[in-house]
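Below is one structure, written out as structure tokens; comments come after it.
The values are calculated or read from the model by the stated rules, or taken from the named source; none is laboratory data. Not measured: the values here are computed from a predicted model. Note that each Cβ is placed from the backbone with ideal geometry, even for glycine, and that neighbours are counted across all protein chains shown. We work out accessible area using only protein heavy atoms, side chains counted, and drop any ligands, DNA or RNA first. Shrake-Rupley method; radii C 1.70, N 1.55, O 1.52, S 1.80 Å.
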Amino acid sequence: VGLLSDLEIVKSPTKRIIFQTLVILTYLIISNNLIQSTRIQFIDNLFEVYYVRLFFTIFCILVLINGSNFIDGVNTLAATYFMMVLGIIMYLKYNYYLESEIFYEKIIFLSLFVFLIFNFFGKVYLGDNGAYLLSFIVGVNLIELQSSYITISPYFIICLLWYPAYENLFSIIRKKIQNFSPSKPDIKHFHQLLFIFLKKKMKLDSKFANTFTGIVINSFNLVVFLIAVPYHYNTKILLLILIINVLIYNSLYFFLKKNYG
């Protein structure tokens, strides 16, 4: 689907969503790799119905892959973000779940490392194809990880994926409030406003400001990941981390939009 988008064969966002949904639905039916629990009792009661779990999982993956595509507009941002997520997964498995395999994480981690050397200088890009594929692979494997180890809170998985997912949800809500079609692109995303801020305030060259924007955002997210790891089983602390993340994001967004939007 991403390749068709990059080649401008499928230009309509609505058609892309439909194709994405069909691909994800096919994968989930074959693999049965569904979100099993939210640790919210009334939702988990609804999850006893297979189709509720199925469509909830589809929704979560759709939010993730499209949010990942949003953040790919800044050099190094998406690739480094998922490289950090993979690093955290390997650390978690190595230190807490010693019997776990980390082969696939190593392969993708090393591939992203090579990719980032060229992406840092703006020579190669993920594009829709890379963003969709990378976030899908990481997302479904995190669902499987949480299902395999019930001690891992589902909110730890959300902490690892919160930024691209929230970027997408926030964008949809923002556009709806402004009576603007969520499917139409704009330049009001957080990373775009931060780019403008860094470029104007710090008088940076556009190319360097682009890369530096990704470094700033990922530095913050790395701190979030490192704080969350020791509490990967503690839902209450993880919820607090998520609430703080959202408050910081919203505060910075409205500040940047007011002054540089």
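The set of residues in the stretch 96-116 that are among the polar types (S, T, N, Q) and at pLDDT 90 or above contains only Ser111. With respect to (1) in contact (Cβ under 8 Å) with a residue 60 or more places away in the chain; (2) assigned to a helix (DSSP H, G or I), the lone exception for Ile152 is condition (2). For the stretch 141-155, filtered to residues that are more than 15 Å from the chain's Cα centre (by Cα) and of a type in the set (A, V, I, L, M, F, W, C), the residue that is most open to solvent (accessible area, probe 1.4 Å) is Ile150. Can you tell me how many residues in the stretch 37-80 are free of Cβ contacts under 8 Å to residues at least 60 places away in the same chain and among the polar types (S, T, N, Q)? Residues flagged as free of Cβ contacts under 8 Å to residues at least 60 places away in the same chain and among the polar types (S, T, N, Q) within the stretch 37-80 amount to 2. The C-beta contact set for the stretch 227-252 (first residue in contact (Cβ under 8 Å) with a residue 12 or more places away in the chain, second residue open to solvent by 80 Å² or more (accessible area, probe 1.4 Å) and part of a helix (DSSP H, G or I), distance under 7 angstrom, 6+ apart or interchain) comprises Val229/Tyr91; Leu238/Tyr231; Ile241/Ile227. Considering (1) part of a loop (DSSP other than H, G, I, E, B); (2) of a type in the set (A, V, I, L, M, F, W, C); (3) within 24 Å of Phe136 (Cα to Cα), the lone condition that Leu204 does not fulfil carries the number (3).
Filtering the stretch 106-147 to residues that are assigned to a helix (DSSP H, G or I), of a type in the set (Gly, Ala, Ser) and touching a residue at least 12 places away in the same chain (Cβ under 8 Å) leaves Gly127, Gly130, Ala131, Ser135, Gly139, Ser147. There is no residue in the stretch 73-81 that is assigned to a helix (DSSP H, G or I) and open to solvent by 70 Å² or more (accessible area, probe 1.4 Å). Can you confirm whether the stretch 68-86 contains a residue that is more than 20 Å from Pro154 (Cα to Cα), modelled with pLDDT of 90 or more and of a type in the set (D, E, K, R)? So far as the stretch 68-86 goes, no, none of its residues is more than 20 Å from Pro154 (Cα to Cα), modelled with pLDDT of 90 or more and of a type in the set (D, E, K, R). A count restricted to the stretch 185-213 and to residues that are within 21 Å of Asn250 (Cβ to Cβ), surrounded by fewer than 16 Cβ atoms within 10 Å (Cβ to Cβ) and modelled with pLDDT of 85 or more stands at 0. Could you please find all residues in the stretch 217-228 being of a type in the set (A, V, I, L, M) and either surrounded by fewer than 17 Cβ atoms within 10 Å (Cβ to Cβ) or outside any helix (DSSP H, G or I) (or both)? Selection gives Leu222, Val223, Leu226, Ile227. The set of residues in the stretch 39-74 being more than 19 Å from Asp128 (Cβ to Cβ) and charged (D, E, K, R) consists of Arg39, Asp44, Glu48, Arg53. Filtered by the rule that a residue be hydrophobic (A, V, I, L, M, F, W, C) and in a loop (DSSP other than H, G, I, E, B), the stretch 167-198 gives Phe180, Ile187.
If you go through the stretch 209-223 and keep only what is closer than 15 Å to Leu77 by Cβ and of a type outside the set (Ser, Thr, Tyr), you end up with Ala209, Asn210, Phe212, Gly214, Ile215, Val216, Ile217, Asn218, Phe220, Asn221, Leu222. Please enumerate the residues belonging to the stretch 241-261 that are over 15 Å from Lys188 (Cα atoms) and open to solvent by 70 Å² or more (accessible area, probe 1.4 Å). Ile243, Ile244, Leu247, listed by residue number.
Could you check, for the stretch 156-176, whether at least one of its residues is under 30 Å from Lys258 (Cα atoms), open to solvent by less than 20 Å² (accessible area, probe 1.4 Å), polar (S, T, N, Q) and in contact with a Gly (Cβ under 9 Å, 6 or more places away or on another chain)? Yes, that holds for at least one residue.
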